Protein chains: 2
Amino acid sequence: MITFRDKTYRCTSEIVLSLVSGKWKIAILNELAKGPIRYNELRRLLPDATQRMLTMQLRMLESDGLISRKVYPVSPPKVEYDLSELGKQLAPMLLVLCDFGTTYIESYPDEVSRTNQKHA
Amino acid sequence: MITFRDKTYRCTSEIVLSLVSGKWKIAILNELAKGPIRYNELRRLLPDATQRMLTMQLRMLESDGLISRKVYPVSPPKVEYDLSELGKQLAPMLLVLCDFGTTYIESYPDEVSRTNQKHA
DNA sequence: CTGTATCCAGATTGATACTG
DNA sequence: CAGTATCAATCTGGATACAG
């Protein structure tokens with residue numbers, strides 16, 4: 001048993017799941033993996049996320065130390081999000097998750113379909 | 001974009017998260033990794049899980065094809081759970097999750113504490 | 001441009017009691 | 001032994017409007 005930030009877990013993998021589980025966290029991390037990005041760019045890339053949800057997920061990723069938020073004191077406001085050092089270390093793990101996901105769905109080929117998605 | 005079992009995902013890693021996210025799933029998978037096990041043994045190993053929750057999580061893992069449920073037609077009833085072939089392939093991925101979890105909490109050493117837990 | 005505030009629906013988790 | 005049933009609490013995600 002391990003206690004971390006007042007919650008108990010039976011395995012450190014459970015902590016990791018709590019870090020990346022959330023409606024838009026994977027999507028955000030995948031976008032940030034391409035480089036720093038501003039809030040509204042992210043909105044455009046993830047048009048189905050409401051402002052509220054996007055902000056909430058960003059705040060969680062930030063307080064968990066996986067991303068950084070930099071405010072430029074200019075007008076109009078400019079805020080840039082980026083992966084933290086810790087966040088950058090997530091990449092190999094996310095790749096393993098993707099890989100297993102791919103392996104997994106290949107076991108159920110009839111239940112899968114793919115669509116291209118435009119980022120209008 | 002990918003559609004699988006009537007839900008859409010932006011990355012196969014999101015599918016994997018849906019497979020293993022759930023109050024007791026990781027704990028169950030970790031126990032099953034040691035070998036097949038009966039329902040009540042599992043209850044003893046995970047005393048904080050209610051019967052209802054344990055059953056629900058087992059059913060989900062089963063319908064996702066990660067574990068098998070074998071009923072022995074004897075009296076008293078005997079039900080044994082085991083990893084499926086697909087479930088066995090989870091092991092390396094779970095290890096990567098654990099590893100990142102360990103790396104992660106080492107970045108916040110002051111917020112961590114460990115306790116031994118008895119399976120009374 | 002980058003957010004908050006308010007209100008709400010549905011899903012998830014849980015306590016407790018009961019059953020073939 | 002291996003579950004179900006019922007009811008309730010909490011948590012997550014969302015629609016919409018407003019603000020510095």
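The values are calculated or read from the model by the stated rules, or taken from the named source; none is laboratory data. Keep in mind the model is a prediction, meaning the values are calculated, not measured. Cβ sites come from the backbone with ideal geometry, for glycine too, and all protein chains shown count toward neighbours.
A:K23 fails exactly one of the following numbered conditions: (1) at pLDDT 95 or above; (2) more than 13 Å from every other protein chain (Cβ to nearest Cβ). What is the number of that condition? Result: A:K23 fails condition (2) only.
For residues in segment A:63-90 being of a type in the set (S, T, Y) and modelled with pLDDT of 95 or more, which is farthest from DNA strand C (Cβ to nearest atom)? That would be A:S84.
Just one residue in the set B:M93, B:M56, B:M60 is at pLDDT 95 or above and more than 14 Å from DNA strand D (Cβ to nearest atom); that residue is B:M93. All conditions in (1) modelled with pLDDT of 95 or more; (2) in contact with a strand residue (DSSP E or B) (Cβ under 6 Å, 6 or more places away or on another chain) hold for A:S113, with the sole exception of (1). From the list A:I28, A:I105, the lone residue that is closer than 18 Å to B:C11 by Cβ and in contact with a Ser or Thr (Cβ under 8 Å, 6 or more places away or on another chain) is A:I105.
Is segment A:6-15 home to any residue that is more than 8 Å from chain B (Cβ to nearest Cβ), surrounded by 16 or more Cβ atoms within 10 Å (Cβ to Cβ), polar (S, T, N, Q) and within 30 Å of B:L45 (Cα to Cα)? The answer is no; no qualifying residue exists.
Within segment A:63-78, restricting attention to residues that are without any contact (Cβ under 8 Å) to a residue 12 or more places away in the chain and away from chain B (no Cβ under 14 Å), the residue that is nearest to DNA strand D (Cβ to nearest atom) is A:P77. Return the total of residues in segment A:36-53 being surrounded by fewer than 14 Cβ atoms within 10 Å (Cβ to Cβ) and within 7 Å of DNA strand D (Cβ to nearest atom). Total meeting the criteria: 3. Scanning segment B:68-120 for residues that are surrounded by fewer than 17 Cβ atoms within 10 Å (Cβ to Cβ) and touching a Gly at 6+ places or on another chain (Cβ under 6 Å) yields no hits at all.
Annotation: of all residues in segment B:91-120 being among the small types (G, A, S) and either facing another protein chain (nearest Cβ under 9 Å) or in contact with a Leu (Cβ under 6 Å, 6 or more places away or on another chain) (or both), the one that is nearest to DNA strand C (Cβ to nearest atom) is B:G101.
With respect to (1) within 16 Å of DNA strand C (Cβ to nearest atom); (2) surrounded by fewer than 19 Cβ atoms within 10 Å (Cβ to Cβ); (3) more than 10 Å from chain B (Cβ to nearest Cβ); (4) under 13 Å from the mean Cα position of the chain (by Cα), the lone exception for A:L58 is condition (2).
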